[in-house]
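S.K.: Here you go, one structure.
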Amino acid sequence: MKPFETEKLFWIREPKRYEISENEITIYTEPCTDLWQRTYYGFRNDNAPVLQMKTSETYFSFVVKTEFESKHRFDQCGVVLYLDSENWLKASIEYENDAYQRLGSVVTNHGYSDWATTDIDASIKEMWYRLSRRESDFCLECSTDGVEFKQMRICHIWEGAGEIQFGIYACSPEESSFKATFKHMEITECKWEEHK
């Protein structure tokens, strides 16, 4: 296990307001920020703040706990692997209304995004995520307690060989803003075991 080194983090689109300490990172989202490319209705947005680090390690897992005060449609925060505007993945909870939210993930390869989701209760305001890498393949998992993780999806990133960038993000695609806090970040050996 490696300690998470915040000094290695760098911004892609630095937000106006944020706080970084040894134990947690807080991002205050800005209105009309999002990550999405083309699929379904041609919409493209590539202006969400992303805080990440680089690695050439081909087998590892990254864990982070999110706490969020989202309250407006599509407010979201979570884990991200952002290579460029056309190639990335993310996992988060997107607020929908006072009854439910969408726990899901987006994978964007060569400029086209998908969105896989499941509905969860709107009262949930904390979630753990684990992003694992096996070369150019990735596994996204979530957990309510940071101990038992459940698979969200397995995917391939076509440009995901060699050095990659990964970390956290938060955004508000509509006219809103909220506080997103990230804690317990760590990098470990790959927890995504080989299929037998």
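S.K.: Which number do you get for Rg(Cα) / (2.2 N^0.38 Å) in segment 79-141?
M.R.: Normalised Cα radius of gyration, segment 79-141: 1.21.
S.K.: Across segment 43-52, in residue order, what do the Karplus-derived ³J(HN,Hα) couplings come to in whole Hz, using 6.51 cos²θ - 1.76 cosθ + 1.60 with θ = phi - 60° and x for Gly and Pro?
M.R.: Each residue's phi maps through the Karplus curve to give 5, 9, 8, 9, 10, 6, x, 10, 10, 8 Hz.
S.K.: Select from 85, 23, 33 the residue farthest towards the positive end of the dipole of the chain; place +1 on Cβ of Lys and Arg, -1 on Cβ of Asp and Glu, and compute about the Cα centre.
M.R.: After comparing all options, I get 85.
S.K.: About the Cα centre, and with charges only on the beta carbon of Lys, Arg (+1) and Asp, Glu (-1), how big is the dipole of the chain? Nearest 20 debye, please.
M.R.: 120
S.K.: If you average 1/r over every pair of different alpha-carbon atoms in segment 51-196 and take one over that average, what Kirkwood value in Å do you get?
M.R.: Answer for segment 51-196: a Kirkwood hydrodynamic radius of 15.3 Å.
S.K.: Just the number please: accessible area per residue for the chain, 1.4 Å probe, all protein chains included, in Å².
M.R.: 49
S.K.: What residues qualify as long-range amide H neighbours of residue 75, i.e. H under 5 Å apart, gap of 5 or more or another chain, H built at 1.01 Å from N?
M.R.: 95
S.K.: Another question about this same structure. Which log10 I(q)/I(0) values, to two decimals, does segment 109-151 give at q = 0.16, 0.31, 0.33 Å⁻¹ under the Debye formula with one point per Cα?
M.R.: One equal scatterer on each Cα of segment 109-151 leads to -0.59, -1.16, -1.18.
S.K.: Could you work out the local net charge near residue 27, counting Lys and Arg as +1, Asp and Glu as -1, over the other residues with Cβ closer than 12 Å to its Cβ?
M.R.: -3
S.K.: Between residue 159 and residue 43, what is the label-to-label distance in nm when each label sits 7 Å out along the Cα-to-Cβ direction?
M.R.: For residue 159 paired with residue 43, the spin-label model returns 2.3 nm.
S.K.: Treating the Cα atoms of segment 100-171 as identical point scatterers in vacuum, please give the log10 of the normalised Debye intensity I(q)/I(0) at q = 0.12, 0.18 Å⁻¹, two decimals.
M.R.: Values returned for q = 0.12, 0.18 Å⁻¹ are -0.37, -0.82.
S.K.: Output ³J(HN,Hα) for segment 117-124: one whole-Hz value per residue in order, computed from phi by the Karplus curve 6.51 cos²θ - 1.76 cosθ + 1.60 with θ = phi - 60°, and x for Gly and Pro.
M.R.: For segment 117-124, the Karplus-derived couplings read 9, 9, 7, 10, 5, 5, 6, 6 Hz, x marking Gly and Pro.
S.K.: What aspartates and glutamates sit close enough to residue 125 to cross-link, taking a C-alpha to C-alpha distance under 18 Å and skipping anything fewer than 8 places away on the same chain?
M.R.: In chain and number order, the partners are 24, 67, 69, 75, 94, 96, 98, 141, 145, 148.
S.K.: Tell me, what HN-Hα J-couplings in whole Hz come from the Karplus equation 6.51 cos²θ - 1.76 cosθ + 1.60 at θ = phi - 60° for each residue of segment 61-70, using x for Gly and Pro?
M.R.: After applying 6.51 cos²θ - 1.76 cosθ + 1.60, I find 10, 10, 10, 8, 9, 10, 10, 9, 10, 5 Hz.
S.K.: Label-point separation (nm) for residue 56 and residue 100, each offset 7 Å from Cα along Cα-to-Cβ?
M.R.: Inter-label distance under the simple model: 4.6 nm.
S.K.: Starting from 0.36 nm per residue, how many nanometres of slack lie between residue 69 and residue 122 once their C-alpha separation is accounted for?
M.R.: In short, 18.0 nm is gained.
The values are calculated or read from the model by the stated rules, or taken from the named source; none is laboratory data. Since the model is a prediction, treat every value here as computed from it, not as a measurement. Every residue, glycine as well, gets a Cβ built from its backbone with ideal geometry; the counts of neighbours run over all protein chains shown. Ligands, DNA and RNA are stripped out before the accessible areas are found, and what is left, the full protein with its side chains, is counted by its heavy atoms. Shrake-Rupley method; radii C 1.70, N 1.55, O 1.52, S 1.80 Å.
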